[in-house]
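Reviewing the structure listed below.
The values are calculated or read from the model by the stated rules, or taken from the named source; none is laboratory data. If you're wondering where the values come from, they're calculated on a predicted model, not measured in any experiment. Backbone-built Cβ (ideal geometry, glycine too); neighbour counts: all protein chains shown. Protein only, heavy atoms only, side chains kept; ligands, DNA and RNA dropped before computing areas. Shrake-Rupley method; radii C 1.70, N 1.55, O 1.52, S 1.80 Å.
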Amino acid sequence: MEDQVLTIPQEPEETNLKERTIPFVHAILLLIVAYTYMTVLFAVFQDKSYPALLFIGNTALFVLTFVFGMISGGKVNAVSILSPLFGLVSGANAWINGLNFLPVYIYFHVMILSYTFLALSMFGNHNRTLNGGMLFLDAVKATFIYPFASFSALFTTLFRPSKGSKKFGKAVLLTVLGVVIAFFLCLISIALLSYDPAFREIFTFDFDWDDVPLTIIKILFTVPLAALLLGAFVSSKAQKAERMSSPEAAASFTERIKKIPAVVLMIPVVSLLVIYCIFFFTQWGTYTAAFSGILPSDFTAAEYARSGFFELCGVAFIDAVLGIVMGLFMKQSDRASVLLRKLANSLLAIATLVLIATALSKMILYVQRFDLTVLRLFVSVVLVLIAVGFLTSLLSQWIKPIKVTPVLVVLVGLLLLVTPFLNVRGRIAKYNVDAYLARAEQGILSNKIDTGYLVSDLGSAAIPDAVRLLESGKLRPAYETRLEEQLAEHAEYLKNHNTFLEQSLFDRRALNCLLNSSLYRPAASGIEIKSATLNSFEVQGDTVVFTCEVEIINTSKEIQYFQLIGLFQPDQQNGLIRENELVAQDSETHSTVLTANAESNQRIIVVFLGTFAGNPEKQNRNAPEILVSYKDSNA
């Protein structure tokens, strides 16, 4: 009888090669993405910003994770679609709005959660519910367990060859060879296509040997970041800690933490409710004045708007924490304790909603007096979200299908998705400028606006409205000079950082706006006024409209930008308008900046808008004396 030889089936070399090559390529690409993030981060410390580079890196991270997830056997589901959407929006926020601290700080956390949940969901390790307990455990597993559980995957993927296999090493060498060939081909192509200035600017790099130490430091931080990114992916693929966030585990977890007896939490809740009742009773007239807009006699607007606002926010925050603690940790062993918790949560929610409404009313009053800022808007939004949470909590005590966590997750998610595209800082600037101009029209002597905050803090998104304010003619001379200096400084910064990677979309718009503003328009040399005829004047409410036909001669060989100033004599003013000097507007575009074509003789229709003085009768209404006004671009 012949000896039988036991043979072990060998895995096909092609399969083994594929399983090792794909993770290797994935690891290399993640290293590149991680280095991109480090470049953006270290640029901040050098007073630089690369919003477009951050957007490119973010997009690459989520596209790569999705593609390699599908290659590795991942499945498409709702979370694996929504997660990269949030991740792409977090990058788009930087590219559109620039690297402003508060939104970047918020969307940094959004990006982390989006990536970890994408890695988690691609391989079915997430819970398909918005239950608070399971969502919390999913977040902990995806963000704090998975990246570290497979932290070494990067190094084993890159440096551990297959046992007895030479094809993997050969594949690595072929990959490196392909990269080298691609590098030289791209280098030649870029050199040939660099005849175009815009294209050449994208690929212009200044290499400085002084940057070598910084590059080494960036690489040292790049490696652990790439290891964490790949670790989250590998852990999810291996389905580690599979039952950590299962429905059973979540239910067990939520039951295990309910250890605090009801009496321990009911005493502080009842104490707070008694204090709130005393507060509402004794301060009702003072603290509800915010709703009527009528200030107490012993308060100025500033004192009333500031008094108690942050204290009210602090109390609302304490109530929110107490409500969460009751829901998570309070024992509910019988019906009496459940009913007691419902009553306590309901009364606490009602009291807190009244406090939040008072705080919001104070904030509205404060904004009306002192204009809007990013921080004031952010605090208001947070207060509204807390109010929605308490209102949902109140309803959920008595209407079982209503859950607080799903409502807040959906609401915050929608807010995060749309905010980058709302031009929040630009809208704040528009609100402040409109408010200032409205007060100027009313002749309020205490009227002022913080031009430093407008230009420096709100940044490029506010530049169009800052230019509109400058060209309105409503600023006092000191404010106008200061705003001109601030805008010129901002323009110089944008011109010195005028590359694709350094500028956000609003930076580009701001630079174009500044270069076309009165600060940088060519001098209107060669402009002559041949004639000016008053066609009509009309009283429209509180405004008098003068319509004039002006013949302009431009003797220069360039297009000229200029303004026309109308000087009104006393007999023209008498009883009709209050001003003696008005800036002309184009009758069609309503712009105060007019254009004369090169070497041309043209007639334009302009209007002057004056403040009605009370007597519409036409006496001696000749055309005003019109002068050319311009600002030299070299001044």
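Trypsin sites (Lys or Arg not before Pro), restricted to the range 406-508: which are DSSP loop and have at most 15 other Cβ atoms within 10 Å? Mind dumping the intermediate values first?
Values: sites: Arg425, Arg427, Lys430, Arg439, Lys448, Arg468, Lys474, Arg482, Lys495, Arg508; in loops: Lys448, Lys474.
In loop regions of the range 406-508 (DSSP not H, G, I, E or B), the sparsely surrounded trypsin sites (Lys or Arg not before Pro) are Lys448.
So if I take the centroid of the Cα atoms in the range 334-388 and the same for the range 54-94, what is the distance between those two points in Å? Cα centres, the range 334-388 to the range 54-94: 35 Å.
With the cut-off at 25 Å, tell me which of the pairs Lys237/Lys403; Lys258/Lys400; Lys331/Lys400; Lys258/Lys342; Lys141/Lys400; Lys141/Lys218 have Cα atoms farther apart than that. Walk me through the intermediate numbers first.
On the way: Lys237/Lys403 32 Å; Lys258/Lys400 20 Å; Lys331/Lys400 19 Å; Lys258/Lys342 15 Å; Lys141/Lys400 29 Å; Lys141/Lys218 28 Å.
Lys237/Lys403; Lys141/Lys400; Lys141/Lys218, as the Cα separations exceed 25 Å there.
How big is the range 464-559 by the Kirkwood estimate over distinct Cα pairs, in Å?
Values: mean 1/r = 0.0601 Å⁻¹.
For the range 464-559, inverting the mean 1/r across all distinct Cα pairs yields 16.6 Å.
Rounded to a whole number of µm²/s, how large is the Stokes-Einstein D of the range 392-534 at 37 °C and 0.692 mPa s, given Rh as the Kirkwood radius over C-alpha pairs? The partial results should precede the final answer.
On the way: Rh = 18.5 Å.
D = 178 µm²/s.
Accessible surface of Val467, taken over heavy atoms with a 1.4 Å probe and every protein chain present, rounds to 10 Å². Between Val412 and Asn498, the simple spin-label model (points 7 angstrom out along Cα→Cβ) gives 4.3 nm. Values of log10 I(q)/I(0) for the range 380-458 across q = 0.16, 0.18 Å⁻¹ run -0.76, -0.83, by the Debye formula with one identical scatterer at each alpha carbon and no solvent.
When the Kirkwood radius is taken over all Cα pairs of the range 312-449, what Stokes-Einstein diffusion coefficient follows at 25 °C and 0.890 mPa s, in µm²/s?
Numbers: Rh = 17.4 Å.
Here the translational diffusion coefficient equals 141 µm²/s.
Look at the Cα gyration tensor of the range 26-119: its axes a ≥ b ≥ c give a/c of at least 1.5 with a/b at or below b/c, and that counts as oblate. Taking 7 Å steps out from each Cα toward its Cβ at Phe159 and Ile71 produces label points 2.3 nm apart.
Give the accessible surface of the range 15-88 per residue, rounded to a whole number of Å², with probe radius 1.4 Å and ligands, DNA and RNA excluded.
Per residue, the range 15-88 has an accessible area of 46 Å².
Here the label points at Val545 and Asn580, each 7 Å from Cα along the C-beta direction, are separated by 2.8 nm in the simple model. Per-residue surface analysis assigns Thr611 an accessible area of about 50 Å², computed on protein heavy atoms at 1.4 Å probe radius.
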